[in-house]
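Participant: Please find one structure pasted underneath; my questions will follow.
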Amino acid sequence: MRAMLYLSIILLAVGFAGGAEIYYNLHEGWNLLAMPLEMDMRDIGDSLPIDAPATYYSPDSGYSVAIGSSSPCRGFWAMSHSDTACRVDGECYDHSVELSLFRGWNLIAMPDYRPDEAISSLLPIIPPAYLFDASSGDYGAITNFPPPNAGFWVLCDHSFSTTIDYDTAGFSIIGLDSVARDIALGIYSDGMGWRLDSCMLSIEKDTSFHINEDTLYDIGYAGYYYLYARAEGFYTEIYTTTIDDTVSIDLDPIPPLANSVALLFIGKQGWFADHYVLPDNPVNIYQDSVFVRSTLTDSMGRAFFEDLPVGEYLVEFPYHDPLFWHWYPDSIRDTFYFNITNTIETDYYECDFWDPIQAAAPYIYLYPETTSVVDVSLEFHNPGHVTASEPPYGDGWHVQVEPSGLIDGEFGYLFYEADYSSEIQITHAWTVRADTLEAAFRNLLAQYGCIGREIDDFVDFWMPYFADYDYYLIYPQGESAMVGLNISPAPDNILRIYFAIRGFDSAIILEEPAPPPSFTREGFVAVEWGVTTDAAEVEHRRERR
């Protein structure tokens, strides 16, 4: 027979009775197919991008053009001019179908999916049957039924007819590529946030995880974990589990459609906790600043765009934070953007981002050498916005500052709070008992280079909020975890301090951070301190004020 590439098939049923969507990957040349939906074969060229009429084969009549109603029990040859993928929508058969075999070779199909059933258990064939293999260009022997949109060859030593009960209940996500293999699992601590382990799973199955974690977060999340499951050609999924729990790993295949983009949106909660998918969230795509199309993510946080011309696109994701829905049901916290490229294949992108955190009550102190007009602005490298400020931030602060630090004759500092997206450092921290916390803050701030009222202001503002736990961990953050700060004229020396601070009922000992570098207070000096926290903590503080 002609040089051909085998068809890789996935059959996906939609939610209406008797209806289905069938996905075909066609390859340039002749393809051996089957059509398990009701269709006039003379019109099959309107559904499949083929260049010649479909061709049946029968031992009694040889090859013939396929005309009339489709037969879900017959395979056929179809010519495609290129490698492509497509989807066919239609109605399933709602009645039994007749399957006739003749002495000799027969090109047939099975109208429903029976991956665990041997062909010879239902049909009187001489095993094995043969299926065309795209990877080698040869036929391969099979013993069980292939998917229902693949034709295959069987050999019989006598004629035979039987009635096949057409089981539409078998139409779920099925096919040669419907079972994920070589699955990479990444296991994370829910509460401490760090990656604990990774392993490989040979095939989808129910899997138990015995997890040993030396440091357990003791506030509500002890012994809880989440894991990523990734496999080539499948959507990544996130599962939650506990110690010795059993998880059913079952990934969904990415529909193989030409000129299509599959997207998965994942919020990575930078404040130590779990990662999660984002359902029912708007997704917009643009090309050259022109709106192209929009959709909503499904229950698994996925979006799919088909029939999309090849090219570069910008994906807009106006983020509705599930943590905030009970406070602000109609709010959009921040909008994230992703650059993607659509090719003639199905392109898959994991669009992940750090869940917005808060720059909580940073104070900015300015000490010019002479009374000066100073411009101060905040820069968000990822989506972010100011949520509170004093004096009002507007488009930035334009203020007059005296050498003593007095701003506009009224303010001792610039105050703001902001939502922004950033990864935070969670592996190094100082562990402090609650009864020594104030002294620890004073000592740490002095080591960094703060003096006088800068230290007093921090202690006066923050100590009332740290009264609920016996121990606190203080995680210093680097510049990458801070909101960007622009000051003009530029200070000669600038000190910026951000802490992430968490409470615990028992002592958690992590590797201590390196001592802070020395700070020189010469020339025009600017000092900023603040605390990075999560959304729930900000709301808690606002309620307590």
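The values are calculated or read from the model by the stated rules, or taken from the named source; none is laboratory data. Not measured: the values here are computed from a predicted model. When we count neighbours, we look across all protein chains shown, and the Cβ atoms used for this are built from the backbone with ideal geometry, even at glycine.
Participant: Name, by its number, the condition in (1) of a type in the set (A, V, I, L, M, F, W, C); (2) under 23 Å from S61 (Cβ atoms); (3) buried (at least 18 other Cβ atoms within 10 Å of the Cβ) that does not hold for I126.
Facilitator: Single failed check for I126: (3).
Participant: For the range 75-89, indicate whether the set of residues that are under 21 Å from L123 (Cα atoms), of a type in the set (D, E) and touching a residue at least 24 places away in the same chain (Cβ under 8 Å) is non-empty.
Facilitator: There is no residue in the range 75-89 that is under 21 Å from L123 (Cα atoms), of a type in the set (D, E) and touching a residue at least 24 places away in the same chain (Cβ under 8 Å).
Participant: Against the conditions (1) touching a Ser or Thr at 6+ places or on another chain (Cβ under 9 Å); (2) more than 30 Å from T427 (Cα to Cα); (3) assigned to a strand (DSSP E or B), where does V247 fall short? Just the number, please.
Facilitator: With respect to (1) touching a Ser or Thr at 6+ places or on another chain (Cβ under 9 Å); (2) more than 30 Å from T427 (Cα to Cα); (3) assigned to a strand (DSSP E or B), V247 is out only on (2).
Participant: Looking at Y217, Y228, Y224, can you tell me which residue is of a type outside the set (G, A, S) and modelled with pLDDT of 85 or more?
Facilitator: Y228
Participant: Considering only the range 393-420, how many residues are modelled with pLDDT under 95 and either of a type outside the set (S, T, Y) or surrounded by fewer than 14 Cβ atoms within 10 Å (Cβ to Cβ) (or both)?
Facilitator: 5
Participant: Please work out which residue is farthest from the chain's Cα centre (by Cα), limiting yourself to the range 438-477 and to residues that are more than 15 Å from I501 (Cβ to Cβ) and not in a helix (DSSP H, G or I).
Facilitator: I451
Participant: Same structure again: Any chance you could count how many residues in the range 161-185 are part of a strand (DSSP E or B), at pLDDT 85 or above and buried (at least 17 other Cβ atoms within 10 Å of the Cβ)?
Facilitator: 2
Participant: Of all residues in the range 479-527, count the ones that are modelled with pLDDT of 90 or more, buried (at least 18 other Cβ atoms within 10 Å of the Cβ) and among the small types (G, A, S).
Facilitator: Result for the range 479-527: 2.
Participant: In addition: Could you tell me whether E423 is modelled with pLDDT under 95 and in contact with a helix residue (DSSP H, G or I) (Cβ under 8 Å, 6 or more places away or on another chain)?
Facilitator: For E423, the condition - modelled with pLDDT under 95 and in contact with a helix residue (DSSP H, G or I) (Cβ under 8 Å, 6 or more places away or on another chain) - is met.
Participant: If I filter the range 123-143 down to residues being over 19 Å from G104 (Cβ atoms) and assigned to a loop (DSSP other than H, G, I, E, B), which single residue comes out as modelled with the lowest pLDDT?
Facilitator: Filtering first and then ranking leaves S135.
Participant: Return only the number of the condition from (1) hydrophobic (A, V, I, L, M, F, W, C); (2) closer than 21 Å to G484 by Cα; (3) surrounded by 19 or more Cβ atoms within 10 Å (Cβ to Cβ) that F441 does not satisfy.
Facilitator: Just one mismatch for F441, condition (2).
Participant: Okay, next question. Which residues, taken from the range 449-490, are free of Cβ contacts under 8 Å to residues at least 40 places away in the same chain and small (G, A, S)?
Facilitator: Scanning the range 449-490 gives G452, A467, A490.
Quick grid of which residues meet (1) of a type outside the set (G, A, S); (2) in a strand (DSSP E or B); (3) touching a Gly at 6+ places or on another chain (Cβ under 9 Å):
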{"position": "I487", "(1), (2), (3)": "yes, yes, no"}
{"position": "S506", "(1), (2), (3)": "no, no, no"}
{"position": "I509", "(1), (2), (3)": "yes, no, no"}
{"position": "E522", "(1), (2), (3)": "yes, no, no"}
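Participant: Looking only at residues that are of a type in the set (S, T, N, Q) and over 35 Å from the mean Cα position of the chain (by Cα) in the range 26-84, which one is nearest to F160 (Cα to Cα)?
Facilitator: Here the answer is S58.
Participant: Confirm whether E528 is of a type in the set (D, E, K, R), in contact with a Pro (Cβ under 6 Å, 6 or more places away or on another chain) and closer than 20 Å to I357 by Cβ.
Facilitator: Against the criterion (of a type in the set (D, E, K, R), in contact with a Pro (Cβ under 6 Å, 6 or more places away or on another chain) and closer than 20 Å to I357 by Cβ), E528 qualifies.
Participant: Right, something else. Take the conditions at pLDDT 85 or above and part of a loop (DSSP other than H, G, I, E, B) and apply them to M110. Does it pass?
Facilitator: yes
Participant: Restricting to the range 342-383, give me the number of residues that are over 32 Å from the mean Cα position of the chain (by Cα) and in the same structural domain as V261 (by TED's automatic domain parsing).
Facilitator: Looking only at that region, the number is 0.
Participant: For D60, only one of the following conditions fails: (1) within 27 Å of T346 (Cβ to Cβ); (2) assigned to a loop (DSSP other than H, G, I, E, B); (3) not hydroxyl-bearing (S, T, Y). What is its number?
Facilitator: Exception for D60: condition (1).
Participant: On to the next question. Hey, can you tell me all the residues within the range 362-402 that are outside any strand (DSSP E or B) and closer than 14 Å to A490 by Cα?
Facilitator: Residues satisfying the conditions are P368, E369, T370.
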